[in-house]
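> Here it is: the structure, laid out below.
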Amino acid sequence: MRKRKFWGWGYEDQGLTPQEHRKLADRMAQRFGITGLTVSAPPTIDRIAMRPPRIAAPPALAAICTTDAHERASHTYGKSFRDLVRGFRGEFPTPPDVIAFPRDEAEVVRVLEWCDAKHLVAIPYGGGSSVAGGIEAPSSGDYHGVVSIDLAKLDRVLEIDRQSRAARIQGGIFGPALEDQLKPHKLTLRHFPQSFEFSSLGGWIATRSGGHYATLYTHIDEFVESTRVVTPTGIVQSRRLPGSGAGPSPDRMFIGSEGILGIITEAWMRLQDRPAFRAGASVMFANFMQGAAAVRAISQSGLSPANCRLLDPGEAANAGAAHDGSAVLVLAFESADHPLDVWMKRALELCADHGGRAPDPTSAANDALATHEGAAGAWRRTFLAGPYIHDAMVAIGMLSETFETAITWDKFAEFHAQVMERTADVAKRVCGQATVTCRLTHAYPDGAAPYYTVLGPARRGSELEQWHEIKTAASDLLIELGGTITHHHSVGRDHRPWYDRQRPEGFARALRAAKHALDPNGILNPGVLIDP
Ligand SMILES: Cc1cc2nc3c(=O)[nH]c(=O)nc-3n(C[C@H](O)[C@H](O)[C@H](O)COP(=O)(O)OP(=O)(O)OC[C@H]3O[C@@H](n4cnc5c(N)ncnc54)[C@H](O)[C@@H]3O)c2cc1C
């Protein structure tokens, strides 16, 4: 059986080759003017020392539970830089004791009953792609053990309502399987986070993930028609409705609940016809702020492009989208119904108003995606390879990580300038030298979501402390300057100190009360979002 890496992204046979690692190391050495970047070998499971499991599954659940070392290591961490470094070093001090793989909802109920009766931490697990410490066991508490509840076997589209264009889908399904099962019906969810390959529908809903759409339907939220959630006190199922004004939305309580209120076993999701028309362009700007002004104009025009991602000159160069110091806007419109040349023409006029140059606008009335070509194609290839390169950066001793946020347009210019300058100062002090680059991943009429990448040489053995110092400074800034601690990466455990400052106290009390009502013994993902 093909196994996923227990410490990094993808399957064991995927990732950069030794030659590609060496090339990456040489490129980094050249970029930062350093020598001595060596490629370390990844860990092997037989060399990992883990504490023995403290609990055993009851006989009735033994068939769906395992204490296999590879599984326990795989379920210990998510996929942030901090996670990859710890995994790569072979440090697994707090693995889950047991991994449960329920095959249906009834088994999810039984696993939760066991955890509740024995006071075991229960961690809902989708694809394990969390970058916020969302699936990691808490390091303290009076729990008798930790069970990771992996929903991978809940992987089917159960029912399709063609008339309303919606489907009932199981929570553990990964992106590719979900789209494969919708394809014969000529339908799509069209939610493509960068982690699409190894993340699940339940995980997307639980973390309010941000997908392919750069405007309008930016988060998974808009596609959720109803949810079905198993909690320690029973099942909560909302009614399927296209819209409703009947009080606070039950779905909205579970969307973004990060596994602390219950396990999303199913959801009815709003679908779309597969796009047949596309128009794409890469627009060059002399600088990032001119590009941002164009993004604001487009966001406020009502045009709603599917893609509207602005790369600053550093990101554009890294992606191979521009090498002349330009910022690049990757722009695309999609429709199942009509050609988009008129939309694209108007968007390019708005770009031109702000100094944008578009050498290669293309349009297509078939699946030959216009955005596969030119600068947009270069960006897309880098986007898809990103997770594998993230792993490789750890292997060659580079510090490479991202943080993201959102801010209203009125504060954007000052906010962005401060974040770039002050984060770069800290990163350079910590790493000796470093770059901070930015792209706008999502755009709204009232603001944008900047996404920052920090890259610099790490000191082997001190990577965690180095990143902690940069991340703390950056997160303090985001909150101090009026942004959010996360636009779509979720809160998890890692963002708690800043989420606690951002969220209104009255809301925290209400969330604690909701948790107490659904999970009175506080077994579900304790420490994520709130303290039980
Ligand atoms: C390389 C990379 C790229 C990424 N790109 C994006 C991106 O483009 N957009 C984006 O939004 N995020 C992105 N992320 C972050 C991550 O992929 C998302 O947070 C994703 O939604 C997590 O889904 P998952 O199935 O992997 O959930 P997991 O990591 O398994 O879990 C995440 C959280 O959700 C809870 N959870 C999982 N499944 C359920 C369920 N069925 N019921 C209740 N709770 C559940 C878990 O307990 C945990 O708190 C990226 C991460 C990586 C590593």
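We did not get these values from a lab; they are worked out from the coordinates using the rules stated. Keep in mind it's a predicted model, so treat the numbers as computed, not measured. For neighbour counting, all protein chains shown are included, and Cβ atoms are generated from backbone atoms with ideal geometry for every residue, glycine included.
> For the range 430-441, in order, what is each residue's ³J(HN,Hα) by Karplus, 6.51 cos²θ - 1.76 cosθ + 1.60 with θ = phi - 60°, in whole Hz (x at glycine and Pro)?
Per-residue couplings from phi come out as 6, 9, x, 8, 6, 10, 10, 10, 9, 9, 8, 8 Hz.
> Shifting gears a bit: Determine the alpha carbon to alpha carbon distance for each of 79/153; 3/515; 411/471; 79/411; 118/515; 79/428 and list only those over 27 Å.
Where the Cα-Cα span goes over 27 Å, the pairs concerned are 3/515; 79/411.
> Averaging sequence separations of C-alpha pairs under 8 Å and six or more residues apart, then dividing by the length of the chain, give the relative contact order as a whole percent.
15
> Could you work out the helix-only [θ] at 222 nm for the chain, with each DSSP H run of four or more residues adding -39,500 (n - 2.57) and the total divided by the number of residues, to the nearest 500 deg cm²/dmol?
Result for the chain, helices only: -10500 deg cm²/dmol.
> Can you list the HN-Hα couplings for the range 200-208, worked out from phi with the Karplus curve (6.51, -1.76, 1.60; θ = phi - 60°), rounded to whole Hz and with x for Gly and Pro?
10, 4, x, x, 4, 5, 5, 10, 6
> Now, a different point. Using R₀ = 60 Å, calculate the FRET efficiency as 1/(1 + (r/R₀)^6) where r is the Cβ-Cβ separation of residue 2 and residue 446; round to 0.05.
About 0.85, to the nearest 0.05.
> Separate question: Quick check: pseudo-label points 7 Å beyond the Cα along Cα→Cβ at residue 335 and residue 421, how many nm apart are they?
4.4
> Once you place label points 7 Å from the Cα toward the Cβ at residue 481 and residue 20, how far apart are they in nm?
In this crude spin-label approximation the distance works out to 3.4 nm.
> Now for a separate question. Please find the FRET efficiency linking residue 44 to residue 144, where r is the Cβ-Cβ separation and R0 is fixed at 41 Å, and quote it to the nearest 0.05.
0.85
> Residue 231's amide H: which non-local residues (gap 5+, or another chain) put their own amide H closer than 5 Å, with H modeled 1.01 Å from N in plane and none for Pro or chain starts?
Amide H neighbours of residue 231, under 5 Å, 5+ apart: 236, 263.
> When DSSP beta bridges are limited to those with both residues in the chain, what percentage is antiparallel, rounded to the nearest 5?
Bridges in the chain are about 90 percent antiparallel.
> Using the beta-carbon distance between residue 12 and residue 382 and R0 = 25 Å, what value does 1/(1 + (r/R0)^6) give for FRET efficiency, to the nearest 0.05? Mind dumping the intermediate values first?
Working: r = 23 Å, r/R0 = 0.93.
That gives a FRET efficiency of 0.60.
> Give me the number: length gained by fully extending residue 433 to residue 152, i.e. 0.36 nm times residue separation minus the C-alpha to C-alpha distance, one decimal in nm.
Length gained, residue 433 through residue 152: 97.0 nm.
> Pull up all non-local amide H partners of residue 441: gap of 5 or more, or a different chain, and H-to-H distance under 5 Å with H placed in the peptide plane.
449, 451
> Pull up all non-local amide H partners of residue 524: gap of 5 or more, or a different chain, and H-to-H distance under 5 Å with H placed in the peptide plane.
Those qualifying (amide H under 5 Å, at least 5 residues apart or on another chain) are 122.
> Let me ask you something else. Alpha carbon centre of the range 471-532 versus the range 141-198: separation in Å?
The range 471-532 and the range 141-198 have Cα centres separated by 25 Å.
> Can you put 446, 13, 251 in order of Cβ neighbours within 10 angstrom, beginning with the fewest?
Numbers: 446 13, 13 8, 251 21.
Fewest to most other Cβ atoms nearby, the residues stand as 13, 446, 251.
> Among 287, 201, 19, which residue has its Cα furthest toward the positive end of the charge dipole of the chain, with +1 on Lys/Arg Cβ and -1 on Asp/Glu Cβ?
Highest projection toward the positive end goes to 19.
> Whole-Hz ³J(HN,Hα) for each residue in the range 75-90, computed from phi via Karplus 6.51 cos²θ - 1.76 cosθ + 1.60 with θ = phi - 60°, x for glycine and proline: what do you get?
9, 7, 10, x, 10, 6, 4, 4, 5, 5, 5, 5, x, 4, 6, x
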